[in-house]
Amino acid sequence: MAFTVEQALNWLTKSNEKIQENKDYLSELDQAIGDGDHGINMARGFDEVVKKLDGNDYKQVADVWKDAAMTLMSKVGGASGPLFGTAFLKMSMAAKGGEAVSYDAFIKALEDGGAGIKQRGKATEGEKTMVDVWSPVVKQLKEAKDFDAGLIRDSSKSAMEATKDIIATKGRAAYLKERSKGHLDPGSVSSYYIFQALSDCIEGEV
Amino acid sequence: MAFTVEQALNWLTKSNEKIQENKDYLSELDQAIGDGDHGINMARGFDEVVKKLDGNDYKQVADVWKDAAMTLMSKVGGASGPLFGTAFLKMSMAAKGGEAVSYDAFIKALEDGGAGIKQRGKATEGEKTMVDVWSPVVKQLKEAKDFDAGLIRDSSKSAMEATKDIIATKGRAAYLKERSKGHLDPGSVSSYYIFQALSDCIEGEV
Amino acid sequence: MANVGIVIISHSEKVANGVKDILEQAVGQVTVEAAGGQGDGEIGTSLEKIQGAIEKVHSAQGTIVFYDLGSAKMNAEIAIEMLELENVQLAEAPVLEGAYLAAVESSMGRPLEKIVNALEKEFK
Amino acid sequence: MANVGIVIISHSEKVANGVKDILEQAVGQVTVEAAGGQGDGEIGTSLEKIQGAIEKVHSAQGTIVFYDLGSAKMNAEIAIEMLELENVQLAEAPVLEGAYLAAVESSMGRPLEKIVNALEKEFK
Ligand SMILES: Nc1ncnc2c1ncn2[C@@H]1O[C@H](COP(=O)(O)OP(=O)(O)O)[C@@H](O)[C@H]1O
Ligand SMILES: Nc1ncnc2c1ncn2[C@@H]1O[C@H](COP(=O)(O)OP(=O)(O)O)[C@@H](O)[C@H]1O
Ligand SMILES: [Mg+2]
Ligand SMILES: [Mg+2]
Ligand SMILES: [Mg+2]
Ligand SMILES: [Mg+2]
């Protein structure tokens with residue numbers, strides 16, 4: 001299977017739905033170890049993404065991701081804006097050229113996206129940030145041969161849950177030091193929703 | 001001669017007059033090596049001092065100085081407020097008790113006032129601040145036996161003029177480093193006016 | 001039990017109020033007061049505003065006072081001396097960045113002394 | 001000849017505008033723009049505001065950009081990368097105290113590189 005423009009649009013629409021549904025939960029998580037705005041930030045950003053994409057006639061997956069990237073960067077307001085924005089921008093750059101994206105190209109794009117987050121956030125694995133979802137998910141998807149809804153769902157879920165035990169060393173939560181332990185990282189939970197949305201829109205289509 | 005309540009009031013009134021007359025000049029000096037508000041600050045502060053003193057029936061010089069101190073501290077707004085305020089507060093504390101103030105007690109008060117400025121500003125001689133007027137004036141007055149209008153006038157004038165060649169190491173002018181050279185220190189010039197006012201109100205009364 | 005209070009002194013009323021806004025947005029349980037500008041809103045500081053702000057946030061847990069530029073420090077020192085309160089400390093740290101760190105620490109119930117240590121460690 | 005431009009990024013619109021006020025009051029010849037808050041005035045930063053501010057102050061002499069908290073830094077970096085201008089530097093210094101120093105230096109006609117050195121010396 002190849003990842004089409006329609007799926008790319010569908011992915012972002014479904015991501016938005018999950019984020020809107022869980023807006024309060026995401027903010028609550030951020031209240032515990034951040035400034036409590038992550039749900040608001042993400043809900044505003046993804047709402048704008050969907051508005052931006054709506055009605056446009058995209059020829060390439062890369063163009064969908066580019067518009068998503070630019071919108072997230074300029075509308076989110078918090079750290080997650082430049083981070084998710086950079087991820088989608090790098091994905092767009094990696095996917096440039098073809099209409100649809102093969103599995104290999106998709107994984108390469110995700111890998112670049114994850115690397116973009118690390119670079120932009122000057123973060124690495126184990127710092128209790130969204131990197132702790134993106135990196136393990138990319139790693140596991142790389143080992144598969146084709147889109148696998150179940151693998152995306154499971155790998156992102158377990159990576160998200162594992163952020164609970166980490167002591168934050170990046171982002172606002174780092175101010176709390178040991179006290180950040182025992183709480184899920186909000187950006188990892190929203191990353192999880194994004195991967196769940198990806199899984200949903202692949203499901204049954206392979 | 002002893003310094004009376006009337007003279008104390010007269011001193012502050014005359015100081016205010018000189019400062020109001022030279023308000024623009026003081027701000028211009030501050031424009032060159034500071035933020036350009038010294039004239040405004042001093043004019044506002046001394047205007048309030050005169051208003052505060054007006055109509056009050058003071059029994060002691062110390063009480064006049066105390067009211068002046070509190071008013072300067074709360075009304076000036078810039079660094080010169082806490083500095084002149086501290087000077088008059090220390091003078092008030094030194095002069096406490098007697099109605100009028102003997103020459104020796106007056107010099108002791110001025111000395112404490114100068115020390116107060118140094119302590120509050122964490123400054124010493126040669127840093128291009130008002131300390132460079134207060135310290136040499138106190139030193140020269142200490143050598144005299146009685147109030148000497150001419151000595152007050154001359155010592156404060158030459159000390160004020162000598163600030164021109166100093167490189168600032170305290171206050172805002174310190175940001176300019178070598179470029180602060182060649183300009184008079186605004187707080188030294190207003191200190192000079194205050195000493196000129198003292199000289200004026202002693203003149204002919206000894 | 002109250003947390004350590006925080007006072008923000010700035011030459012600008014907008015800066016002091018804005019730093020207060022940032023702390024309140026970012027940190028839930030924080031007792032912070034702003035003392036910005038002169039009485040008339042001009043650039044400068046006001047002894048009365050500073051004293052008022054300290055009195056408003058102060059508790060047995062103590063208070064930590066941040067200032068922006070040199071001359072604000074002198075007014076802060078005078079205010080602290082005049083109020084004669086126990087446990088009021090002037091912080092030697094950048095006004096916004098320092099206050100943010102202190103607000104997080106205070107919201108965790110950290111004592112004054114520990115917050116001062118954390119500031120020294122971070123900004124020296 | 002223009003002086004080095006200064007941009008103040010803060011999570012709070014009030015803080016950014018207030019720092020601009022302080023610099024303009026204290027330092028005569030200074031080219032400074034504020035980029036504070038999100039578009040809607042909420043606490044946060046806005047890529048558009050940052051880009052707009054940089055474009056407004058930028059000249060051949062270059063521009064120095066100050067930010068308050070970590071996440072503002074990422075937006076600042078993106079803005080700088082996207083504008084593709086020569087001589088735009090992100091300052092690693094406290095937003096108010098650093099900008100004040102830079103404003104004084106810039107008003108003396110100091111070049112960008114010297115201002116960056118002065119900041120490093122003062123705040124590291
Ligand atoms: N330096 C960083 N590197 C990677 N991810 C980060 C970094 N800083 C923050 N994050 C992510 O961003 C999330 C917070 O986003 P958000 O609340 O929208 O931003 P803000 O902290 O500015 O309010 C965190 O949960 C974390 O996953
Ligand atoms: N640390 C200090 N010690 C002694 N005097 C100082 C100090 N800082 C500033 N001054 C004096 O204060 C004067 C400036 O006063 P003013 O312009 O009213 O305050 P600001 O610098 O806050 O605008 C200087 O000219 C200098 O004489
Ligand atoms: Mg947040
Ligand atoms: Mg935020
Ligand atoms: Mg001044
Ligand atoms: Mg001033």
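Read-outs: derived from the displayed coordinates by stated rules, not from any lab. All values derive from a computational prediction rather than experimental measurement. Positions of Cβ are backbone-derived with ideal geometry, glycine not excepted, and every protein chain shown enters the neighbour counts.
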* Asked: Where does helix A:131-142 land angle-wise versus the long Cα axis of chain A, in degrees 0 to 90, nearest 10?
  -> 40
* **Positive-pole candidate from D:35, C:44, C:3, dipole of the protein assembly as shown, charges at beta carbon** => C:3
* Name the nearest-to-axis residue of chain C, judged by Cβ distance to the rotation axis taking chain C onto chain D, and quote that distance in whole Å. => C:94, 2
* Just the Kirkwood number for chain A, please: inverse of mean 1/r across all distinct Cα pairs, in Å, one decimal. => 16.6
* **Other-copy label distances relative to residue B:203, 7 angstrom Cα-Cβ extension, nm** => 9.6
* Asked: Please state the relative contact order of chain C as a whole percent: Cα pairs under 8 Å, 6+ residues apart?
  -> 30
* **Shielding by partners - mean other protein chain Cβ count within 10 Å, residues of A:31-37** => 4
* Asked: Sorting A:89, A:53, D:47 on the 10 Å Cβ count, fewest up front, what's the list?
  -> A:53, A:89, D:47
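With n ≥ 4 as the cut-off for DSSP H runs, can you work out [θ] at 222 nm for the protein assembly as shown, using -39500 (n - 2.57) per run divided by the number of residues, rounded to the nearest 500?
-20000 deg cm²/dmol
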* Could you point to the residue in B:163, B:137, B:103 farthest towards the positive end of the range B:5-205's charge dipole, with +1 and -1 charges on the Cβ of Lys/Arg and Asp/Glu respectively? => B:163
* Are there GluC sites (Glu not before Pro) in the range A:100-206 that DSSP marks as loop and that have at most 16 other Cβ atoms within 10 Å, and which are they? -> A:125, A:143, A:203, A:205
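Per-residue Cβ counts within 10 Å, from other chains only, averaged over B:111-122: what number is that?
Average per residue, whole number: 1.
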* Cα-centred dipole magnitude for the protein assembly as shown, charges only on beta-carbon of K, R (+1) and D, E (-1), debye, nearest 20 -> 1040
* HN-Hα J couplings of the range B:5-16 from phi, Karplus 6.51/-1.76/1.60, θ = phi - 60°, integer Hz, Gly and Pro as x? -> 4, 4, 5, 4, 5, 4, 4, 6, 5, 5, 4, 4
* Other protein chain Cβ atoms within 10 Å, averaged over every residue that makes up A:79-86 -> 5
* Asked: What spacing in nm lies between the two simple spin-label points modelled at residue A:47 and residue A:93, each 7 Å away from Cα in the Cβ direction?
  -> 3.1
* Inter-label distance, nm, simple model (7 Å from Cα along the C-beta direction), residue D:114/residue C:108 -> 4.3
* Structure fact -> Violations at 29 Å Cα threshold for listed pairs C:20/C:73; B:177/C:49; B:75/D:56; B:66/D:20 -> B:177/C:49; B:75/D:56; B:66/D:20
* Nearest 20 debye, what's the magnitude of the dipole of the range A:78-206 about its Cα centre given +1 on Lys and Arg Cβ and -1 on Asp and Glu Cβ? -> 760
* Structure fact -> Karplus ³J(HN,Hα) for the range B:193-201 (6.51 cos²θ - 1.76 cosθ + 1.60, θ = phi - 60°; Hz, whole; x = Gly/Pro) runs 4, 5, 6, 4, 5, 4, 4, 4, 7
* Structure fact -> So the FRET efficiency between residue C:81 and residue D:84, C-beta based with R0 = 56 Å and rounded to 0.05, is 0.55
* **Amide N proximity, the range B:106-123 versus residue B:1 label position 7 Å along Cα-to-Cβ, cut-off under 19 Å** => B:106-111
* Nearest-20 debye value, the range A:92-164 charge dipole, Cβ charges on Lys, Arg, Asp, Glu -> 280
* Asked: Quick one: in chain A, whose Cβ comes closest to the A/B rotation axis, and how close in angstrom?
  -> A:175, 16
* Tell me the distances, shortest first, between residue B:51 and the same position across the other copies, using label points 7 Å along Cα→Cβ, in nm to one decimal. => 5.0
* Structure fact -> For the range D:65-109 the GluC sites (Glu not before Pro) that pass both the DSSP coil test and the at-most-13 other-Cβ-within-10 Å test are D:84, D:86
* Asked: Measuring label to label, 7 Å along Cα→Cβ, what does residue B:125 give against each other copy in nm, shortest first?
  -> 6.8
* Relative exposure of C:11, B:183, judged by other C-beta atoms within 10 Å (fewest first) -> B:183, C:11
